[in-house]
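The values are calculated or read from the model by the stated rules, or taken from the named source; none is laboratory data. From a predicted model like this one, the values you see are computed outputs, not experimental measurements. Cβ: placed from backbone, ideal geometry, glycine included. Neighbour counts: every protein chain shown. In case anyone asks, the SASA skips ligands and DNA or RNA and just uses the protein heavy atoms, side chains included. Shrake-Rupley method; radii C 1.70, N 1.55, O 1.52, S 1.80 Å.
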Amino acid sequence: MKALILVGGFGTRLRPLTLSWPKPLVEFCNKAIILHQIEALVKAGVKDIVLAVNYRPEVMVSVLKKTEEELGITITFSVENEPLDTAGPLALARDILGKDDSPFFVLNADVTCTYPFEAFRDFHLAHGCEGSIMVTKVAEPSNYGVVVTKPGTTIIDRFVEKPVEFVGNRINAGIYIFHPKVLDRIELRPTSIEKEVFPAIVADGQLHSYDLQGFWMDVGQPKDYIAGTCLYLSHLTATHSSLLSDPTKNKWVYGGNVLVDPTAEVDPTAVLGPNVVIGAGVKIGAGVRLQRCIILSNAVVRDHAWVANSIVGWNSNVGRWTRVENITVLGDDVTIKDELYVNGASVLPHKSISTSITEPRIVM
Ligand code: GDD
Ligand code: MG
């Protein structure tokens, strides 16, 4: 089977992290976002993966070369000369996606869930129509594509992208599967799958919805990336995953949902949790208190610092007795000096902060 991942643009909403590293390679729970997706696709029998990008993908190519070999798959970079939006990339990859009659998956690169691709494929093959969309429920649907089905069926009656008025609360999870004949509907030009292609397939009664069970989140911006991390960690807890730190063996775990890379060093007097991810090579000092936060690889959190609801970027340094909170995001190699307060700051890479930031702002 085949799949295309819409890797897209510059990840501006996940700045400052994406100033240093392409969004799909930013670690989510200690693994590149895109690797979660690739591994799940491979588990469902996908051998051919197209990554649709609209920038020069050198870094990604070199990182994913290894993945290709390890997993025994083919990863093709399909590079757009101009951004082709969410449907145009399918036309650009027509040779691969349409090479046989088997269906292909399409994924937005910034969504996390349990990726039940096998069940989704079975559902799609059972109804035999042109396409299927995974849907999930959210409380605030206006930022998403809303799906309305014909009563008592899975056939989609309406697809409304980013509705201004309330249409429903079942939304497009950004995961699709199509029969290759969908390619006949898509020309090689910038085209929105949500605004142009879906309404056309809906009009022909050929698009079905599949209800996703379990958690889902678009992790394309810091607040949602943190929320998505908590959902993923809770899922690991619910499935008794051995990846999580065992509170009976690690006294510093408080409240559970704590994921620590084996190469990290945590002082036994620190208190971590609930909902904490510690990356490779991270050092956590004495008396440190962390909750609902992500510390990316090789960062250092010094003695008695307090970090909550925040992301500490790679190689960054949080000073002694410093307090960091309220969706603060530190880019790569940021230093926050001792005894400061940082409230909701977004700090660009390589900055050194020596006075408190008391109100949310971008520090350049
Ligand atoms: N290759 C390529 N080229 N990819 C693109 C382009 C492009 O020109 N434009 C966007 N993408 C990719 C993005 O990188 C992302 O993976 C995906 O397409 C969706 O774009 P977003 O910018 O993240 O869209 P959104 O989050 O506002 O809305 C989409 O996702 C929601 C679920 O998270 C829509 O599909 C909604 O309907 C959906 O509910
Ligand atoms: Mg998105």
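Let me spell it out: the conditions are (1) within 22 Å of residue 33 (Cα to Cα); (2) near ligand 1 (Cβ under 9 Å from one of its atoms); (3) open to solvent by less than 40 Å² (accessible area, probe 1.4 Å), and residue 117 meets all of them except one. Which number is the exception?
Unmet for residue 117, out of (1) within 22 Å of residue 33 (Cα to Cα); (2) near ligand 1 (Cβ under 9 Å from one of its atoms); (3) open to solvent by less than 40 Å² (accessible area, probe 1.4 Å): (2).
Go through the range 36-54 and report how many residues are open to solvent by 40 Å² or more (accessible area, probe 1.4 Å) and closer than 23 Å to residue 80 by Cα.
Of the residues in that region, 1 qualify.
Do any strands (runs of 3 or more DSSP E) lying entirely in the range 255-364 carry at least 2 residues that are surrounded by fewer than 24 Cβ atoms within 10 Å (Cβ to Cβ) and touching a Leu at 6+ places or on another chain (Cβ under 7 Å), and which ones are they?
On the way: elements: 258-260, 276-278, 289-295, 306-312, 323-325, 341-343, 345-347, 361-363.
Answer list for the range 255-364: none.
Filtering the range 2-19 down to residues that are surrounded by fewer than 19 Cβ atoms within 10 Å (Cβ to Cβ) and over 18 Å from residue 310 (Cα atoms), which residue is farthest from ligand 2 (Cβ to nearest atom)?
10
How about the range 55-76: which of its residues are of a type outside the set (A, V, I, L, M), crowded, with 17+ Cβ neighbours inside 10 Å and not in a helix (DSSP H, G or I)? Outline the logic, then answer.
First pass over the range 55-76, keeping only residues of a type outside the set (A, V, I, L, M): 55-58, 62, 65-70, 72, 74, 76.
If we keep only those that are crowded, with 17+ Cβ neighbours inside 10 Å too, we end up with 57, 67.
Passing the criteria: only 57.
Could you look through the range 77-91, keep only residues that are touching a Ser or Thr at 6+ places or on another chain (Cβ under 6 Å) and outside any helix (DSSP H, G or I), and pick out the one that is most open to solvent (accessible area, probe 1.4 Å)?
Going through the qualifying residues, I end up with 85.
Taking the stated definitions as given, is residue 146 free of Cβ contacts under 8 Å to residues at least 60 places away in the same chain, more than 16 Å from residue 4 (Cα to Cα), open to solvent by less than 80 Å² (accessible area, probe 1.4 Å) and away from ligand 2 (no atom under 16 Å from the Cβ)?
Values: free of Cβ contacts under 8 Å to residues at least 60 places away in the same chain: yes; more than 16 Å from residue 4 (Cα to Cα): yes; open to solvent by less than 80 Å² (accessible area, probe 1.4 Å): yes; away from ligand 2 (no atom under 16 Å from the Cβ): no.
No; evaluated as a whole, the condition is false for this residue.
Return the total of residues in the range 159-202 being in a strand (DSSP E or B) and on the phi < 0 side of the Ramachandran plot. Break it down into steps so the answer makes sense when it comes.
Initial filter on the range 159-202 (in a strand (DSSP E or B)): 159-161, 170-178.
Then keep just the ones that are on the phi < 0 side of the Ramachandran plot; that gives 159-161, 170-173, 175-178.
Adding up the residues that qualify gives 11.
What pairs come out if I take residues in the range 65-80 that are at negative phi and pair them with residues that are in a loop (DSSP other than H, G, I, E, B) whose C-beta lies under 7 Å away, six or more apart or interchain?
73/47; 74/47; 77/57; 78/93; 79/57; 80/54
Out of the range 181-195, which residues are of a type outside the set (A, V, I, L, M) and within 10 Å of residue 86 (Cα to Cα)? Give the derivation first.
Keep residues of the range 181-195 that are of a type outside the set (A, V, I, L, M), which gives 181, 184-185, 187, 189-192, 194-195.
Selection gives 190, 191, 192, 194, 195.
Would you point out the residue of the range 20-35, among those that are assigned to a strand (DSSP E or B) and more than 14 Å from ligand 2 (Cβ to nearest atom), that is least open to solvent (accessible area, probe 1.4 Å)? Walk me through how you get there before you give the answer.
Narrowing the range 20-35 to residues assigned to a strand (DSSP E or B): 27-28, 31-32.
Restricting the remaining residues to those that are more than 14 Å from ligand 2 (Cβ to nearest atom) gives 27, 31-32.
Values: 27: 40, 31: 65, 32: 16 Å².
Out of the qualifying residues, it is 32.
Restricting attention to the range 92-114, report how many residues are open to solvent by 20 Å² or more (accessible area, probe 1.4 Å), near ligand 1 (Cβ under 9 Å from one of its atoms) and of a type in the set (Gly, Ala, Ser).
0
Does the range 203-226 hold any residues that are crowded, with 21+ Cβ neighbours inside 10 Å, in contact with a Leu (Cβ under 8 Å, 6 or more places away or on another chain) and more than 30 Å from residue 183 (Cβ to Cβ), and which are they?
Passing the criteria: 222, 225.
So residue 220 fits all but one of (1) at pLDDT 95 or above; (2) under 23 Å from residue 328 (Cβ atoms); (3) not polar (S, T, N, Q); what number is the exception?
Just one mismatch for residue 220, condition (1).
Can you tell which of 205, 228, 220 is away from ligand 2 (no atom under 16 Å from the Cβ) and not in a strand (DSSP E or B)? Show your work before the answer.
Working: 228 fails: away from ligand 2 (no atom under 16 Å from the Cβ); 220 fails: away from ligand 2 (no atom under 16 Å from the Cβ).
The conditions single out 205.
Determine which member of the set 221, 206 is in contact (Cβ under 8 Å) with a residue 12 or more places away in the chain and within 30 Å of residue 12 (Cβ to Cβ).
On the way: 206 fails: within 30 Å of residue 12 (Cβ to Cβ).
Answer to the check: 221.
Inspect all residues belonging to the range 19-38 and state whether any of them is at pLDDT 90 or above and more than 14 Å from the chain's Cα centre (by Cα).
No: the range 19-38 contains no residue that is at pLDDT 90 or above and more than 14 Å from the chain's Cα centre (by Cα).
Residue pairs, Cβ under 8 Å, 6 or more apart or interchain, first in the range 8-33 and in contact (Cβ under 8 Å) with a residue 60 or more places away in the chain and within 18 Å of residue 223 (Cα to Cα), second open to solvent by less than 10 Å² (accessible area, probe 1.4 Å) and aromatic (Phe, Trp, Tyr). List them.
Once the first residue is in contact (Cβ under 8 Å) with a residue 60 or more places away in the chain and within 18 Å of residue 223 (Cα to Cα) and sits in the range 8-33, its partners that are open to solvent by less than 10 Å² (accessible area, probe 1.4 Å) and aromatic (Phe, Trp, Tyr) give 14/225; 28/225.
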